[in-house]
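What follows draws every value from the coordinates through simple rules; no lab data is involved. The structure displayed is predicted, hence computed values, not measured ones. Heads up, the Cβs are rebuilt from the backbone with ideal geometry, glycines too, and the neighbour counts pull from every protein chain shown.
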Amino acid sequence: MSNNEAFQKLISTIKKLRSPDGCEWDKKQTADSMKAHLLEECYELLEGIMEDDHQSVKEESGDLLFQLIFIVNLFEEKGSFTIEQMIDSVNEKMISRHPHVFDNLDVSGVDEILSNWEKIKSSETDKLKRESILDGVPKTLPSLTKAYKLQHKAAGVGFDWDKKEDVFEKIREEFEEIREAVLKDDMDNLNEEIGDLLFSIVNFARHMEIEPETSLIRANNKFSRRFTYLEKFFSEKGIHLSDISLEEMDKIWDKAKKNT
């Protein structure tokens, strides 16, 4: 089966599910009701990629594709746009943003490619009558990812630190401001300074070409694995964690770090 045939078969399946004799659950769905499902599939695919689980990536990519086409089909039903128009639109956009590939534009390297990308995207933004290049950053992004995107957008027009060492010094500065807020028991300022520190750490990660959201997901997963090891260790001895001292838990935590 060709790619086109497989894609058309998926579209037919979705249309069948939405037809009068289709699935009652699918027929009730709206673009708004599908948001949570779409987000869930995105994170499941991300987890598969991070774990290099090829089978999971295949399945979750398929689930995500289904969600996307399902949502586009909802708008097609309302006469907003068709699936073909959606595909043509993104194809034209990608061709336009890669003039070094499709128009033989000479570029010196990746930095110039990214700079051209932002310039082209900015010209597209002008057509949408946006007041700022930052308007294109989705408001619903997770905060770490949003900070990364905001900084990336600003850097695209030259508003950026020259050296990563300068960003690292900014982190030191923000940490000292947190210390001062703690000493003064200034909770309002402390809340702001913690936000500034997180923003600076994201900026440093960006300069090191590290995606902060992925880093935090890995840290969360690592903590979960080690804490689960801790729970299992004491559970097998018939001991509840609430009955264990912090010192005892720390000893087993060190073992968890070596074994997970």
Exercise for review: Treating cross-link reach as a plain straight distance, find the aspartates and glutamates whose alpha-carbon is under 19 Å from the alpha-carbon of Lys257, omitting any fewer than eight places away in the same chain.
Suggested key: Glu51, Glu231, Glu236, Glu247, Glu248
Practice item. Would you kindly state how much longer the chain becomes between Glu173 and Glu124 on full extension, computed as 0.36 nm times their sequence separation minus their alpha carbon distance, in nm to one decimal? Key: 13.9 nm
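Test of understanding: what is the full-extension gain from Ile87 to Glu5, defined as 0.36 nm times their sequence separation minus their Cα-Cα distance?
Details: separation 82, 0.36 × 82 = 29.52 nm, distance 1.57 nm.
Extending this stretch completely gives an extra 28.0 nm.
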Exercise for review: Identify all lysines with a Cα-Cα distance to Lys170 below 22 Å; exclude those on the same chain that are fewer than 8 residues away in sequence.
Suggested key: Lys146, Lys149, Lys153, Lys184
Practice item. Pull up the cross-link candidates among the lysines for Lys28, meaning alpha carbon to alpha carbon under 29 Å and not fewer than 8 places away within one chain. Key: Lys9, Lys15, Lys16, Lys58, Lys78, Lys139
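Within the range 69-104, list the trypsin sites (Lys or Arg not before Pro) lying in a DSSP loop whose Cβ has at most 14 other Cβ atoms in a 10 Å radius.
Working: sites: Lys78, Lys93, Arg97; in loops: Lys78, Arg97.
Loop-located and lightly packed - Lys78.
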Point to revise | Net lengthening on full extension, Glu192/Met208 (0.36 nm per residue, minus Cα-Cα) | key: 3.3 nm
Check your understanding: Where the centroid of each part is defined by its Cα atoms, how far is the range 166-195 from the range 207-222 in Å?
Key -> 22
